[in-house]
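The structure under discussion appears below in the form of structure tokens.
Every number in this text was worked out from the coordinates using simple rules, so none of it is lab data. Remember, it's a predicted structure, so these values are computed and weren't measured experimentally. We place every Cβ from the backbone using ideal geometry, glycine too, and count neighbours over all the protein chains shown.
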């Protein structure tokens, strides 16, 4: 079967190509892709090429299909998986396979599976790792957004707090605590606010910062403080560019105690250092946004690490359980990641969009691969 796909051949080298897929074997599944949302991780893979940890060194000889936030329909199923999957099923994929300890993932590492394509072959390891997930929603794009939402869910689950005098880590944000999301008015920030307000474990105080009034105003329209208050969350949006001393002001919102959980959604040194400076005792800083610079670093107060038990955690994507939780919350109408999308395009716009992603304003970019 012929497919049309956006393939990565090397650094900054994305090509929309039509080619013949091999015949699927008994351990594989042939599928049709309907939608794929574009992630900053795809931008990083595209500009770094084989220097990226998930992109194969021989990508010039064996180009890979880009895109990992996709939703589609199964066309045919190899005999090994007849008991579990069938033609016509909607699906989405958890790309972080963790197969045999490798970093290989759909959308980064494979010749015949990725989101920016019309047809793909799903390899056996996706099913073996339980990463091919049935999708029951009405709209395809929600299936695509389950992957970025799973990254947010995973970040919230990864935070931890220690118990004084005991070597025990209590996982997750502090229920009823104070939380700050720095640089949080972008698409992933909106998803993080939505989850914080509507999940079972949420803060009593949630501060969202940015330096752009337009982004903050849009965030406040989509997720108003009044809606958060219905769920017991005091939600405040702050433009830190307009505050003389952001640290003192943010701390004043907690009566000087500081924040139990701080999420940093931009890989910017001053933002990281601000996050560190507003941590409460036993506070956890989640460095959520991955940098493109492998040498990125920032100062961290190790006096507080020693005496106030402050600490840092980072996550790169969610796991399968996080994605299942995301799908469940969407299907129940508890979260609505549609708010993350501001641009929609066809497959012919995917290369330009991916390579210029940091320069394009707005939120998530959604690709319908058959347009």
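One table, with the values for the structure above:
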{"read-out": "Cα gyration tensor of the chain - equivalent ellipsoid semi-axes, whole Å, descending", "value": "37, 21, 20"}
{"read-out": "Distance (nanometres) between label positions extended 7 Å along Cα→Cβ at residue 305 and residue 229", "value": "4.1"}
{"read-out": "Whole-Å semi-axes of the ellipsoid equivalent to segment 165-308 (Cα gyration tensor, √5λ, descending)", "value": "22, 19, 15"}
{"read-out": "Principal-axis tilt of helix 213-222 within the chain, Cα atoms, nearest 10 degrees", "value": "80"}
{"read-out": "Mean Cβ neighbour count within 10 Å, used as a protection proxy, ranking 33-40, 194-201, 279-286 highest first", "value": "33-40, 279-286, 194-201"}
{"read-out": "Between 0 and 90°, nearest 10: helix 320-331 axis offset from the chain longest Cα axis", "value": "80"}
{"read-out": "Percentage relative contact order, the chain, counting C-alpha pairs under 8 Å, at least six apart", "value": "18"}
{"read-out": "FRET efficiency estimate (nearest 0.05) - Cβ-Cβ, residue 169 to residue 25, R0 35 angstrom", "value": "0.20"}
{"read-out": "Mean separation of Cα contacts under 8 Å, 6 or more apart, over the residue count of segment 165-308: relative contact order %", "value": "23"}
{"read-out": "nm² value of the averaged projected area, convex hull over the Cα atoms of segment 78-158", "value": "6.4"}
{"read-out": "Peptide ranges 5-12, 83-90 listed from the most packed, as the mean C-beta count within 10 angstrom indicates", "value": "5-12, 83-90"}
{"read-out": "Tilt relative to the chain, helix 140-158 - C-alpha long axis, 0 to 90 degrees, to 10", "value": "40"}
{"read-out": "Theoretical FRET efficiency, 1/(1+(r/R0)^6), r = Cβ-Cβ of residue 243 and residue 343, R0 35 Å, to 0.05", "value": "0.70"}
{"read-out": "222 nm mean residue ellipticity, helices alone, for the chain (DSSP H n ≥ 4; -39,500 (n - 2.57); rounded to 500)", "value": "-7500 deg cm²/dmol"}
{"read-out": "Fraction of antiparallel bridges per DSSP, the chain only, in percent to nearest 5", "value": "55"}
